[in-house]
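To start, the structure under review is shown below, and the notes come after it.
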Amino acid sequence: MECVSTEFTPDQIEDFKEAFGLFDRIGDSQVAYNQVADIMRALGQNPTNKDVVKILGNPSADDMANKRLNFDAFLPMLKEVDALPKGTYDDYVEGLRVFDKEGNGTVMGAELRIVLSTLGEKMSEPEIDALMAGQEDENGSVHYEAFVKHIMSV
């Protein structure tokens with residue numbers, strides 16, 4: 001796992017601020033706690049929901065829906081997420097290799113769908129369909145090295 005701490009450039013911060021503003025539905029230059037994960041993902045990060053809740057200070061469901069924060073409070077949170085260890089290409093390939101019964105570089109698409117919907121941070125059916133679109137061959141197999149490249153490029 002790579003762990004890299006970066007300082008954002010003034011241009012990046014300006015872009016982040018602009019994106020943050022797009023999520024402000026009230027016009028008070030703030031966003032709801034429950035939008036923070038979506039904003040981070042829109043800015044190219046991939047935090048788990050658990051990571052985001054922890055960074056927000058473990059708020060209640062009520063606070064997630066009703067509490068708001070401004071950009072100055074958001075930026076340090078974004079830096080914290082940016083510094084989290086990221087899975088590498090090799091980490092993901094290694095994780096999928098476990099499901100390669102034949103040792104031929106493929107996993108069954110149906111099995112992959114089950115894993116995505118049941119393990120870790122569970123994905124919904126539409127999320128899985130979007131992720132798997134065009135990834136299965138005529139036998140329903142997924143070439144997992146190409147699949148990981150696809151995921152990491154999205």
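The values are calculated or read from the model by the stated rules, or taken from the named source; none is laboratory data. Only a predicted model underlies this, so the values are computations on that prediction, with no experimental measurement involved. Here the Cβ positions follow ideal geometry from the backbone for every residue, glycine too, while neighbour counts run over all protein chains shown. Please note that ligands, DNA and RNA were not included when accessible areas were found on the heavy atoms of the full protein model with its side chains. Shrake-Rupley method; radii C 1.70, N 1.55, O 1.52, S 1.80 Å.
Couple of notes before you dig in:
One line per residue, one yes/no per condition, for (1) modelled with pLDDT of 95 or more; (2) touching a strand residue (DSSP E or B) at 6+ places or on another chain (Cβ under 6 Å); (3) surrounded by fewer than 15 Cβ atoms within 10 Å (Cβ to Cβ); (4) more than 29 Å from Thr88 (Cβ to Cβ):
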position	(1), (2), (3), (4)
Val4	no, no, yes, no
Glu7	no, no, yes, no
Arg25	no, no, yes, yes
Asp28	yes, no, yes, yes
Tyr33	yes, no, no, yes
Gly44	no, no, yes, no
Asn49	no, no, yes, no
Gly57	yes, no, yes, yes
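- Residues of the range 87-122 that turn out to be under 21 Å from the mean Cα position of the chain (by Cα) and open to solvent by 80 Å² or more (accessible area, probe 1.4 Å), as a count: 7
- Pairs, first part of a loop (DSSP other than H, G, I, E, B) in the range 65-78, second surrounded by 15 or more Cβ atoms within 10 Å (Cβ to Cβ) and of a type in the set (Ser, Thr, Tyr), C-beta under 7 Å, six or more apart: Lys67/Tyr33
- Out of Val148, Val81, Val142, sole residue that is farther than 30 Å from Asn58 by Cβ, open to solvent by less than 50 Å² (accessible area, probe 1.4 Å) and touching a residue at least 40 places away in the same chain (Cβ under 8 Å): Val148
- Close contacts from the range 41-56, counting a first residue that is under 17 Å from Asn70 (Cα atoms) and among the hydrophobic types (A, V, I, L, M, F, W, C) and a second that is open to solvent by 50 Å² or more (accessible area, probe 1.4 Å) and part of a loop (DSSP other than H, G, I, E, B), with Cβ to Cβ under 9 Å and a gap of 6+ residues or different chains, come to Leu56/Lys67.
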